[in-house]
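Peer 1: Here it is: the structure, laid out below.
The values are calculated or read from the model by the stated rules, or taken from the named source; none is laboratory data. These numbers come from a predicted model, not from an experiment. We place every Cβ from the backbone using ideal geometry, glycine too, and count neighbours over all the protein chains shown. Note: accessible area is taken over every heavy atom of the protein model, side chains too, but ligands, DNA and RNA are not part of it. Shrake-Rupley method; radii C 1.70, N 1.55, O 1.52, S 1.80 Å.
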Amino acid sequence: MTILRAQDLAINFGGIKAVDGITFDVNKGEIFTIIGPNGAGKTTIFNLISRIYQATSGKLVFDGDDITHMPPHRIAGRGIARTFQNVELFEHATLLQNLLLGQHAHRKTRPWEEVLFLPRVRVAEREIRRRVEEIIDFLDLQHYRDVVVQHLPYGVRKVIEVARALCTQPKLILLDEPSSGLNVEETEDLSFWIRDIRDDLGITVVMVEHDLALVNDVSDRVMAVNYGRLIATGTPADVQNHPDVIKAYLGG
Ligand code: ATP
(Lines give C-alpha, C1' and ligand atoms only; values in the text may rest on other atoms or scores of the structure.)
Protein backbone atom coordinates (compact mmCIF):
# COMPACT_ATOMS: atom_id res chain seq x y z
CA MET A 1 0.00 0.00 0.00
CA THR A 2 1.31 3.42 -0.98
CA ILE A 3 1.74 5.95 1.85
CA LEU A 4 3.45 8.70 -0.14
CA ARG A 5 3.18 9.46 -3.83
CA ALA A 6 5.13 12.17 -5.64
CA GLN A 7 3.90 12.78 -9.15
CA ASP A 8 5.89 14.83 -11.64
CA LEU A 9 7.29 16.86 -8.79
CA ALA A 10 9.35 19.87 -9.83
CA ILE A 11 10.85 23.05 -8.40
CA ASN A 12 12.96 25.72 -10.05
CA PHE A 13 15.23 28.23 -8.36
CA GLY A 14 15.76 30.89 -10.97
CA GLY A 15 17.22 28.94 -13.87
CA ILE A 16 18.12 25.86 -11.78
CA LYS A 17 15.77 22.89 -12.00
CA ALA A 18 16.62 21.50 -8.55
CA VAL A 19 13.92 18.84 -8.91
CA ASP A 20 12.86 18.22 -12.47
CA GLY A 21 9.70 16.12 -12.79
CA ILE A 22 10.23 13.23 -10.36
CA THR A 23 7.60 10.51 -9.83
CA PHE A 24 7.89 7.91 -7.08
CA ASP A 25 5.83 5.91 -4.58
CA VAL A 26 6.81 4.97 -1.04
CA ASN A 27 5.06 1.88 0.35
CA LYS A 28 3.73 1.79 3.86
CA GLY A 29 6.24 0.12 6.19
CA GLU A 30 9.28 0.27 3.94
CA ILE A 31 12.69 1.85 4.30
CA PHE A 32 13.12 3.91 1.15
CA THR A 33 16.45 5.63 0.51
CA ILE A 34 17.27 8.47 -1.86
CA ILE A 35 20.87 8.52 -3.10
CA GLY A 36 22.72 10.70 -5.59
CA PRO A 37 25.81 12.87 -5.95
CA ASN A 38 26.15 16.25 -4.21
CA GLY A 39 23.67 18.79 -5.49
CA ALA A 40 21.46 16.11 -7.10
CA GLY A 41 18.30 17.45 -5.43
CA LYS A 42 17.88 15.03 -2.51
CA THR A 43 17.42 17.58 0.27
CA THR A 44 15.18 19.62 -2.01
CA ILE A 45 12.89 16.57 -2.34
CA PHE A 46 12.73 16.44 1.48
CA ASN A 47 11.98 20.16 1.61
CA LEU A 48 9.15 19.65 -0.87
CA ILE A 49 7.66 16.74 1.09
CA SER A 50 7.88 18.61 4.40
CA ARG A 51 6.40 21.61 2.57
CA ILE A 52 9.25 24.00 3.39
CA TYR A 53 9.37 24.56 -0.38
CA GLN A 54 6.34 24.94 -2.62
CA ALA A 55 6.57 22.79 -5.76
CA THR A 56 6.61 24.69 -9.04
CA SER A 57 4.51 21.84 -10.46
CA GLY A 58 3.45 18.30 -9.67
CA LYS A 59 1.53 16.65 -6.88
CA LEU A 60 2.18 15.13 -3.47
CA VAL A 61 -0.26 12.68 -1.90
CA PHE A 62 0.29 11.45 1.64
CA ASP A 63 -1.86 8.74 3.21
CA GLY A 64 -4.70 9.47 0.82
CA ASP A 65 -4.62 13.29 1.15
CA ASP A 66 -3.35 15.78 -1.40
CA ILE A 67 -0.71 17.71 0.59
CA THR A 68 0.73 19.64 -2.38
CA HIS A 69 -0.47 22.94 -0.89
CA MET A 70 -0.73 22.02 2.79
CA PRO A 71 0.88 24.67 5.05
CA PRO A 72 4.16 23.41 6.58
CA HIS A 73 2.92 23.81 10.19
CA ARG A 74 0.19 21.24 9.51
CA ILE A 75 2.53 18.60 8.11
CA ALA A 76 3.71 17.25 11.50
CA GLY A 77 0.12 16.97 12.73
CA ARG A 78 -0.72 15.07 9.55
CA GLY A 79 1.95 12.47 10.39
CA ILE A 80 5.24 13.46 8.72
CA ALA A 81 8.30 14.16 10.89
CA ARG A 82 11.83 14.93 9.82
CA THR A 83 15.39 15.44 10.94
CA PHE A 84 17.84 17.87 9.38
CA GLN A 85 21.41 17.53 8.08
CA ASN A 86 22.65 19.82 10.85
CA VAL A 87 21.42 18.99 14.32
CA GLU A 88 19.27 21.79 15.74
CA LEU A 89 18.48 21.40 19.44
CA PHE A 90 17.93 23.72 22.41
CA GLU A 91 21.58 23.72 23.50
CA HIS A 92 21.06 24.90 27.09
CA ALA A 93 18.20 22.52 27.86
CA THR A 94 18.43 18.88 28.95
CA LEU A 95 17.59 15.99 26.66
CA LEU A 96 14.23 15.53 28.45
CA GLN A 97 13.43 19.24 28.16
CA ASN A 98 14.30 19.18 24.45
CA LEU A 99 11.84 16.37 23.85
CA LEU A 100 9.10 18.01 25.94
CA LEU A 101 9.61 21.39 24.24
CA GLY A 102 9.40 19.67 20.87
CA GLN A 103 5.90 18.50 21.79
CA HIS A 104 4.35 21.93 22.35
CA ALA A 105 3.60 22.49 18.70
CA HIS A 106 1.60 19.26 18.64
CA ARG A 107 -0.70 19.87 21.59
CA LYS A 108 -4.37 19.47 20.99
CA THR A 109 -5.42 21.65 23.95
CA ARG A 110 -6.15 25.36 23.54
CA PRO A 111 -4.03 28.12 25.15
CA TRP A 112 -6.89 29.31 27.46
CA GLU A 113 -7.36 25.73 28.69
CA GLU A 114 -3.66 25.58 29.47
CA VAL A 115 -3.73 28.84 31.45
CA LEU A 116 -6.54 27.40 33.60
CA PHE A 117 -4.73 24.04 33.75
CA LEU A 118 -8.01 22.21 33.17
CA PRO A 119 -8.20 18.40 33.66
CA ARG A 120 -8.02 17.98 29.88
CA VAL A 121 -4.65 19.78 29.95
CA ARG A 122 -3.38 17.59 32.80
CA VAL A 123 -4.33 14.46 30.85
CA ALA A 124 -2.60 15.83 27.74
CA GLU A 125 0.54 16.63 29.79
CA ARG A 126 0.63 13.11 31.21
CA GLU A 127 0.21 11.64 27.74
CA ILE A 128 3.10 13.76 26.37
CA ARG A 129 5.35 12.71 29.27
CA ARG A 130 4.48 9.05 28.75
CA ARG A 131 5.26 9.26 25.03
CA VAL A 132 8.57 11.08 25.64
CA GLU A 133 9.69 8.54 28.26
CA GLU A 134 8.77 5.70 25.89
CA ILE A 135 10.96 7.15 23.13
CA ILE A 136 13.85 7.76 25.57
CA ASP A 137 13.69 4.04 26.45
CA PHE A 138 13.24 3.00 22.83
CA LEU A 139 16.42 4.78 21.70
CA ASP A 140 18.37 3.83 24.84
CA LEU A 141 18.85 7.43 25.91
CA GLN A 142 18.03 6.99 29.64
CA HIS A 143 21.66 7.61 30.58
CA TYR A 144 21.55 11.13 29.09
CA ARG A 145 17.99 12.03 30.13
CA ASP A 146 18.93 14.95 32.43
CA VAL A 147 22.16 16.06 30.75
CA VAL A 148 22.30 19.51 29.14
CA VAL A 149 22.46 18.88 25.41
CA GLN A 150 25.50 21.08 24.69
CA HIS A 151 27.63 18.71 26.81
CA LEU A 152 26.68 15.64 24.78
CA PRO A 153 28.73 14.15 21.92
CA TYR A 154 27.55 14.75 18.36
CA GLY A 155 26.43 11.13 17.85
CA VAL A 156 24.07 11.31 20.83
CA ARG A 157 22.71 14.69 19.73
CA LYS A 158 21.83 13.19 16.37
CA VAL A 159 19.87 10.43 18.09
CA ILE A 160 18.07 13.07 20.20
CA GLU A 161 16.94 14.78 17.02
CA VAL A 162 15.44 11.50 15.85
CA ALA A 163 13.84 11.05 19.28
CA ARG A 164 12.25 14.49 19.00
CA ALA A 165 10.82 13.59 15.59
CA LEU A 166 9.50 10.24 16.90
CA CYS A 167 7.73 11.90 19.84
CA THR A 168 5.30 13.50 17.38
CA GLN A 169 4.05 9.94 16.60
CA PRO A 170 4.57 10.19 12.85
CA LYS A 171 3.43 7.71 10.23
CA LEU A 172 6.43 8.67 8.09
CA ILE A 173 9.85 9.91 9.18
CA LEU A 174 12.29 11.68 6.85
CA LEU A 175 15.92 11.22 7.92
CA ASP A 176 18.35 13.58 6.20
CA GLU A 177 21.82 11.98 6.12
CA PRO A 178 21.45 10.23 9.48
CA SER A 179 25.00 8.79 9.41
CA SER A 180 26.87 12.03 8.66
CA GLY A 181 29.37 12.82 11.41
CA LEU A 182 28.92 9.42 13.08
CA ASN A 183 31.75 6.96 13.73
CA VAL A 184 31.65 3.30 12.61
CA GLU A 185 30.13 2.03 15.85
CA GLU A 186 27.48 4.73 15.92
CA THR A 187 26.60 3.99 12.27
CA GLU A 188 26.14 0.30 13.17
CA ASP A 189 23.78 1.26 16.00
CA LEU A 190 21.98 3.53 13.57
CA SER A 191 21.22 0.64 11.22
CA PHE A 192 19.60 -1.26 14.11
CA TRP A 193 17.35 1.52 15.26
CA ILE A 194 16.32 2.53 11.74
CA ARG A 195 14.96 -1.02 11.40
CA ASP A 196 13.41 -0.85 14.87
CA ILE A 197 11.62 2.39 13.94
CA ARG A 198 9.96 0.50 11.13
CA ASP A 199 9.49 -2.89 12.82
CA ASP A 200 8.61 -1.90 16.40
CA LEU A 201 6.96 1.48 15.89
CA GLY A 202 5.43 0.73 12.48
CA ILE A 203 6.76 3.98 11.00
CA THR A 204 7.69 4.23 7.32
CA VAL A 205 11.23 5.57 6.82
CA VAL A 206 12.44 7.72 3.92
CA MET A 207 16.08 8.72 4.15
CA VAL A 208 18.74 10.55 2.21
CA GLU A 209 22.05 8.82 2.81
CA HIS A 210 25.58 8.83 1.41
CA ASP A 211 27.00 5.82 3.28
CA LEU A 212 26.37 3.06 0.74
CA ALA A 213 27.12 0.26 3.25
CA LEU A 214 24.31 1.58 5.44
CA VAL A 215 22.06 2.05 2.41
CA ASN A 216 22.61 -1.60 1.39
CA ASP A 217 22.13 -2.83 4.89
CA VAL A 218 18.77 -1.26 5.72
CA SER A 219 16.96 -0.14 2.56
CA ASP A 220 14.10 -2.07 1.03
CA ARG A 221 14.23 0.13 -2.05
CA VAL A 222 16.54 2.83 -3.29
CA MET A 223 15.92 5.75 -5.66
CA ALA A 224 18.91 7.37 -7.34
CA VAL A 225 18.65 10.96 -8.56
CA ASN A 226 20.98 13.25 -10.46
CA TYR A 227 20.44 16.80 -11.76
CA GLY A 228 16.98 16.74 -10.19
CA ARG A 229 15.91 13.69 -12.20
CA LEU A 230 15.22 10.11 -11.26
CA ILE A 231 17.81 7.79 -12.78
CA ALA A 232 16.93 4.43 -11.20
CA THR A 233 14.66 2.83 -8.59
CA GLY A 234 14.85 -0.72 -7.23
CA THR A 235 16.65 -2.92 -4.73
CA PRO A 236 19.92 -1.47 -3.34
CA ALA A 237 21.98 -3.87 -5.48
CA ASP A 238 20.04 -3.15 -8.67
CA VAL A 239 20.37 0.60 -8.26
CA GLN A 240 24.05 0.60 -7.35
CA ASN A 241 24.89 -1.57 -10.35
CA HIS A 242 22.80 0.48 -12.73
CA PRO A 243 25.10 1.96 -15.44
CA ASP A 244 23.52 5.44 -15.18
CA VAL A 245 24.06 5.46 -11.41
CA ILE A 246 27.71 4.42 -11.78
CA LYS A 247 28.14 7.14 -14.39
CA ALA A 248 26.54 9.76 -12.13
CA TYR A 249 28.88 8.91 -9.27
CA LEU A 250 31.91 9.00 -11.55
CA GLY A 251 30.82 12.42 -12.72
CA GLY A 252 29.81 11.35 -16.22
P1 ATP B 1 23.96 17.25 -0.96
O2 ATP B 1 24.15 15.79 -1.06
O3 ATP B 1 25.20 18.02 -1.24
O4 ATP B 1 23.23 17.69 0.28
P5 ATP B 1 21.48 17.41 -2.50
O6 ATP B 1 21.33 16.26 -3.43
O7 ATP B 1 20.72 17.36 -1.23
O8 ATP B 1 23.02 17.66 -2.22
P9 ATP B 1 20.11 19.88 -2.94
O10 ATP B 1 20.57 20.53 -1.68
O11 ATP B 1 18.71 19.39 -2.97
O12 ATP B 1 21.09 18.71 -3.34
O13 ATP B 1 20.35 20.92 -4.14
C14 ATP B 1 19.95 20.69 -5.49
C15 ATP B 1 20.22 21.93 -6.31
O16 ATP B 1 19.29 22.94 -5.99
C17 ATP B 1 21.60 22.52 -6.10
O18 ATP B 1 22.06 23.00 -7.34
C19 ATP B 1 21.34 23.64 -5.14
O20 ATP B 1 22.29 24.65 -5.27
C21 ATP B 1 19.95 24.11 -5.56
N22 ATP B 1 19.15 24.69 -4.46
C23 ATP B 1 18.65 24.03 -3.41
N24 ATP B 1 17.97 24.87 -2.59
C25 ATP B 1 18.06 26.10 -3.18
C26 ATP B 1 17.55 27.41 -2.85
N27 ATP B 1 16.82 27.61 -1.75
N28 ATP B 1 17.85 28.43 -3.68
C29 ATP B 1 18.57 28.23 -4.81
N30 ATP B 1 19.07 27.04 -5.17
C31 ATP B 1 18.82 25.99 -4.39
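Peer 1: Quick check: the angle from helix 119-138's long axis to the longest principal axis of the chain, C-alpha only, nearest 10 degrees?
Peer 2: Computed tilt is about 50 degrees.
Peer 1: Rounded to a whole number, what % of the accessible area of the stretch 6-111 do carbon and sulfur atoms account for, probe 1.4 Å?
Peer 2: 51
Peer 1: Next question, about the same structure. Across the chain, what fraction of all alpha-carbon pairs, as a whole percent, falls in each successive 10 Å bin from zero upward?
Peer 2: In order of increasing distance, the bins hold 7, 29, 35, 21, 7, 1, 0 percent.
Peer 1: Between Thr235 and Glu88, how many nm apart are label points set 7 Å from Cα along the C-beta direction?
Peer 2: Each label point lies 7 Å from its Cα, and together they span 3.9 nm.
Peer 1: Based on alpha-carbon centroids, what's the gap between the stretch 188-252 and the stretch 4-39 in Å, whole number please?
Peer 2: 13
Peer 1: Next question. Computed FRET efficiency, Cβ-Cβ of Val61 and Tyr227, R0 22 Å: what is it to the nearest 0.05?
Peer 2: Taking R0 as 22 Å, the efficiency between Val61 and Tyr227 is 0.35.
Peer 1: Based on DSSP H runs of at least 4 residues, each adding -39500 (n - 2.57), what is the mean residue ellipticity at 222 nm of the chain after dividing by all its residues, to the nearest 500 deg cm²/dmol?
Peer 2: Only helices count here, giving -11500 deg cm²/dmol.
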